[in-house]
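Below is one structure, written out as structure tokens; comments come after it.
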Amino acid sequence: MIARFEVVYCDGWDDGVVNPLTAAAAQIRDAAGEPYTAVLLIDGRRHAVMDLSWADEYCRVSRFDAAGRQVSCHELRGTGSGDLFLRQAATWDGPPDVGEHEYPHVAARACTTYRLSGERTDVVEPRGDLGARHESRSIQPPPRLPIPGFRRWRDLLSLAGDTPVEIVNAVHHRLPVRAATLPPWRPPRPLRPHGIELLFTPGARVDYNDRQLRLSARSAGRLHLPSGRLIAADPSSLDVDAKPFDVTVPPGTYPVSVGLATFVDDPGHSRVTAARLDISDRPAVRWELALRDGQDPLDLGYQQFFGFGVDTGMACYVDADSADRLVDVWRTLDGLVEPRYRTTDSEDMVAWSSGWGDGAYPTWIGYDTSCAVTCFIADMLLLPTGSEYEDEEDED
């Protein structure tokens with residue numbers, strides 16, 4: 001489609017233009033890599049919405065028909081080499097008399113997902129929610145293009161199905177406008193470890209709501225890793241969730257410690273903040289999320305993570321070669337109330353109570369300056385993001 005686009009800048013689109021921006025303010029954000037949205041108009045009508053965040057190497061282009069129904073969505077992500085690749089392209093094609101809200105459910109859907117490795121997956125649902133689902137896989141490198149300059153979006157829009165002849169700032173528009181405290185979208189920034197090293201700092205204090213927690217660390221014994229393939233899981237789910245992390249370490253026996261948080265005004269009440277498996281004594285300078293087979297960080301949205309689930313209030317470390325014969329050990333742990341951690345006599349399992357209880361928890365891998373693994377830390381997400389830490393001398 002060849003067209004002349006007019007552009008309205010804002011924090012995002014949510015049934016209207018949210019927190020409008022001037023073209024100059026949008027250009028400043030673009031140069032700084034900060035998130036903003038460009039709403040593209042044809043004859044005064046919303047035709048496409050572009051959510052841009054170059055610091056995150058992210059762009060999403062959503063296109064709409066004359067009835068306001070979304071007909072495509074193209075998501076581009078960074079390659080790690082300074083350019084973009086088409087991560088996913090989705091289209092909807094349905095009856096002309098179906099309304100905006102029902103349309104995505106009954107329209108024929110097609111979705112193509114690319115991986116940088118060259119794997120392409122196509123999913124076709126010819127009757128939307130009502131019919132069959134056809135999936136196929138092939139090898140095809142994804143389309144790539146450089147990160148464009150401000151308003152130089154022709155190649156980007158061509159990839160999404162448009163061929164604009166001109167892109168200009170809108171002087172006037174009739175779109176609804178509203179203000180919001182938070183933008184209606186956020187870049188896909190997965191959860192990052194927050195103060196992870198401080199969880200093992202004896203004597204540190206943390207403000208938690210209107211109370212204080214005092215942190216400490218305890219040795220939990222040693223873990224035998226005959227294969228070097230680590231599993232973090234609920235000990236009751238080893239028979240169904242015993243998948244090791246992709247990153248392996250040399251076989252051996254390694255020390256494990258647990259971080260504890262104790263309420264200052266209730267010294268008898270403590271919780272496990274994290275469990276740390278030390279592979280070496282070198283400090284970690286970089287942290288990455290531990291992944292299992294088939295998990296890709298590009299699938300994660302804002303503050304999301306891949307983790308292990310807990311349904312019994314307990315978590316554990318085991319080696320992949322030991323998991324099968326440890327599936328019933330959890331029955332002997334008695335909830336790990338006191339003490340809140342335990343190592344089996346064989347050193348094949350280290351278990352601990354999981355923070356505030358059931359949920360999903362990430363594991364972080366620490367790397368040293370030579371990119372060697374220094375440790376694994378299962379984070380029990382005990383502390384809210386933004387907690388303030390105060391160091392003091394350990395009294396133990």
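For residue 233, are the conditions met, namely being under 24 Å from residue 294 (Cβ atoms) and crowded, with 22+ Cβ neighbours inside 10 Å?
On the way: under 24 Å from residue 294 (Cβ atoms): yes; crowded, with 22+ Cβ neighbours inside 10 Å: yes.
In short, yes.
Using beta carbons and a limit of 9 Å, which pairs, at least six apart or on different chains, have the first residue in segment 321-338 and under 10 Å from residue 351 (Cβ atoms) and the second one modelled with pLDDT of 75 or more and of a type in the set (Phe, Trp, Tyr)?
Note: pairs meeting the criteria are 336/352.
Out of curiosity, is residue 84 in contact (Cβ under 8 Å) with a residue 12 or more places away in the chain, farther than 18 Å from residue 156 by Cα, in contact with a helix residue (DSSP H, G or I) (Cβ under 9 Å, 6 or more places away or on another chain) and surrounded by 15 or more Cβ atoms within 10 Å (Cβ to Cβ)? Step through it out loud before you land on a result.
Working: in contact (Cβ under 8 Å) with a residue 12 or more places away in the chain: yes; farther than 18 Å from residue 156 by Cα: no; in contact with a helix residue (DSSP H, G or I) (Cβ under 9 Å, 6 or more places away or on another chain): yes; surrounded by 15 or more Cβ atoms within 10 Å (Cβ to Cβ): yes.
Judged against the criteria, residue 84 is not a match.
Let me spell it out: the conditions are (1) of a type in the set (A, V, I, L, M, F, W, C); (2) touching a residue at least 24 places away in the same chain (Cβ under 8 Å); (3) open to solvent by 70 Å² or more (accessible area, probe 1.4 Å); (4) farther than 28 Å from residue 290 by Cα, and residue 116 meets all of them except one. Which number is the exception?
(4)
Residue pairs, Cβ under 6 Å, 6 or more apart or interchain, first in segment 49-70 and in a loop (DSSP other than H, G, I, E, B) and open to solvent by less than 30 Å² (accessible area, probe 1.4 Å), second small (Gly, Ala, Ser) and at pLDDT 95 or above. List them.
That search, which allows pairs on different chains as well, returns nothing.
Residues 294, 268, 307: which one is open to solvent by 30 Å² or more (accessible area, probe 1.4 Å), more than 24 Å from residue 192 (Cβ to Cβ) and not β-branched (Val, Ile, Thr)?
On the way: 294 fails: more than 24 Å from residue 192 (Cβ to Cβ); 307 fails: more than 24 Å from residue 192 (Cβ to Cβ).
Residue meeting the stated conditions: 268.
Considering only segment 150-268, give the strands (runs of 3 or more DSSP E) lying wholly within it that have at least 1 residues that are over 27 Å from the mean Cα position of the chain (by Cα) and on the phi < 0 side of the Ramachandran plot. Before the answer, list the steps.
Working: elements: 163-169, 205-208, 211-225, 230-233, 252-263.
Qualifying strands (runs of 3 or more DSSP E): 163-169, 205-208, 211-225, 252-263.
Restricting to segment 198-230, name every residue that is open to solvent by less than 40 Å² (accessible area, probe 1.4 Å), at pLDDT 95 or above and not hydroxyl-bearing (Ser, Thr, Tyr).
Within segment 198-230, 223, 225, 228, 230 meet the criteria.
Which one of the conditions (1) in contact (Cβ under 8 Å) with a residue 24 or more places away in the chain; (2) in contact with a Ser or Thr (Cβ under 8 Å, 6 or more places away or on another chain); (3) under 20 Å from residue 90 (Cβ atoms) does residue 128 fail to meet, given that it meets all the rest?
Unmet for residue 128, out of (1) in contact (Cβ under 8 Å) with a residue 24 or more places away in the chain; (2) in contact with a Ser or Thr (Cβ under 8 Å, 6 or more places away or on another chain); (3) under 20 Å from residue 90 (Cβ atoms): (2).
The values are calculated or read from the model by the stated rules, or taken from the named source; none is laboratory data. If you're wondering where the values come from, they're calculated on a predicted model, not measured in any experiment. Counting neighbours? That spans all protein chains shown, and the Cβs are built from the backbone with ideal geometry, glycine included. The accessibility values were calculated without ligands, DNA or RNA, using every heavy atom of the protein model including side chains. Shrake-Rupley method; radii C 1.70, N 1.55, O 1.52, S 1.80 Å.
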